[in-house]
Amino acid sequence: MAVDEWATRATSFGAIAEDYDRYRPGPPIAAAEWVLPRQCDAVVDIGAGTGALTRLLVQLARRVTAVEPDPRMAAVLAARVPEAVVLNGRAEQLPLPDGGFDALVGSSMWHWVDEPRAATEAARVLRPGGVFGLLWTGPDRTEGWLADLMAAAVGPAVPAEEEARRRQRRHAVHLPDDAPFGEPETHVVRWSIPVTPDDLVGLAGTYSRFIVLPEAERAELRERVVEIVRGHPAIAGREQLELPMGCRCWRAVRLS
């Protein structure tokens with residue numbers, strides 16, 4: 001992806017902040033519980049978006065700080081999760097003190113950051129023994145009907161092996177060699193959520209490739225998605241169906 005395209009897509013979500021919050025499923029509570037340390041008093045959510053993960057963190061920790069660079073996303077977050085402190089900032093330059101947190105976590109955001117700088121910041125704000133955790137949540141595209149829908153929304157279908165390689169690259173974490181973290185652990189949580197056909201159309205519109213299109217092309221693509229939802233044998237005529245979901249979890253402990 002070219003640098004200009006990457007920057008445009010990375011900052012596109014604020015334009016649909018309300019729809020993003022409504023249609024994009026967040027991680028399950030089981031993923032948040034796995035990624036946090038057993039004793040977690042203070043946690044920071046980086047690249048917090050509209051607060052899908054923040055909603056869970058306020059149930060699990062006494063003090064939650066959410067850091068989000070886009071004021072449009074942050075406004076929705078602040079309204080939805082008043083228990084959290086919401087700050088403007090980026091993962092690469094956190095407006096936080098040294099060693100002040102038991103955990104630093106991010107959900108579906110790490111692929112948008114400058115990894116070495118963000119990892120350095122994670123190490124700076126964590127206490128020794130604190131946990132750096134990352135989550136990636138999304139529909140399980142191995143389902144045939146869902147693969148058809150997602151291909152229409154985010155790009156043409158590719159061979160299964162190539163799709164697996166793309167997703168592996170997207171979920172990879174490359175810490176600097178001198179980053180003060182222990183050996184990472186990984187975990188996968190799978191579940192499903194009830195959705196309506198209209199929810200599926202709304203979900204398709206929350207992906208960056210869709211958002212950045214010119215208005216006419218976006219409207220044309222949305223009609224294509226509507227046609228798929230209305231006509232696909234697995235969906236047509238149903239008022240509700242189960243959307244299979246997966247959450248890939250990664251964590252590493254801050255060394256002394």
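The values are calculated or read from the model by the stated rules, or taken from the named source; none is laboratory data. Note that this is a predicted model, so its numbers are computed, not measured. As a convention, Cβ positions derive from the backbone with ideal geometry for all residues, glycine included, and neighbour counts pool all protein chains shown. The accessibility values were calculated without ligands, DNA or RNA, using every heavy atom of the protein model including side chains. Shrake-Rupley method; radii C 1.70, N 1.55, O 1.52, S 1.80 Å.
Things to note:
- Here Ala15 does not fit the description of being of a type in the set (A, V, I, L, M, F, W, C), open to solvent by 50 Å² or more (accessible area, probe 1.4 Å) and at pLDDT 95 or above.
- Single residue of the range 184-221 satisfying the filter (of a type in the set (Asp, Glu) and not in a strand (DSSP E or B)) that is nearest to the chain's Cα centre (by Cα): Asp199
- Residue list for the range 234-248, restricted to those being free of Cβ contacts under 8 Å to residues at least 60 places away in the same chain, closer than 19 Å to Arg141 by Cβ and either open to solvent by 60 Å² or more (accessible area, probe 1.4 Å) or assigned to a loop (DSSP other than H, G, I, E, B) (or both): Glu242
- Within the range 190-227, considering residues that are among the aliphatic types (A, V, I, L, M), more than 14 Å from Met150 (Cβ to Cβ) and free of Cβ contacts under 8 Å to residues at least 40 places away in the same chain, the one most open to solvent (accessible area, probe 1.4 Å): Ala216
- Residue satisfying condition, being surrounded by fewer than 18 Cβ atoms within 10 Å (Cβ to Cβ) and out of contact with any Gly (no Cβ under 7 Å at 6 or more places or on another chain), within set Val43, Val85, Val64: Val85
- When every residue of the range 106-125 is checked against the conditions, none turns out to be of a type in the set (A, V, I, L, M, F, W, C) and either surrounded by fewer than 16 Cβ atoms within 10 Å (Cβ to Cβ) or assigned to a strand (DSSP E or B) (or both).
- Here Glu161 qualifies as loosely packed, with under 13 Cβ neighbours inside 10 Å, of a type outside the set (Val, Ile, Thr) and at pLDDT below 75.
- Against the conditions (1) acidic (Asp, Glu); (2) closer than 23 Å to Thr186 by Cβ; (3) surrounded by fewer than 18 Cβ atoms within 10 Å (Cβ to Cβ); (4) out of contact with any Asp or Glu (no Cβ under 8 Å at 6 or more places or on another chain), Asp98 satisfies every one except (2).
- Trp136 at pLDDT below 80 and of a type in the set (Phe, Trp, Tyr): no
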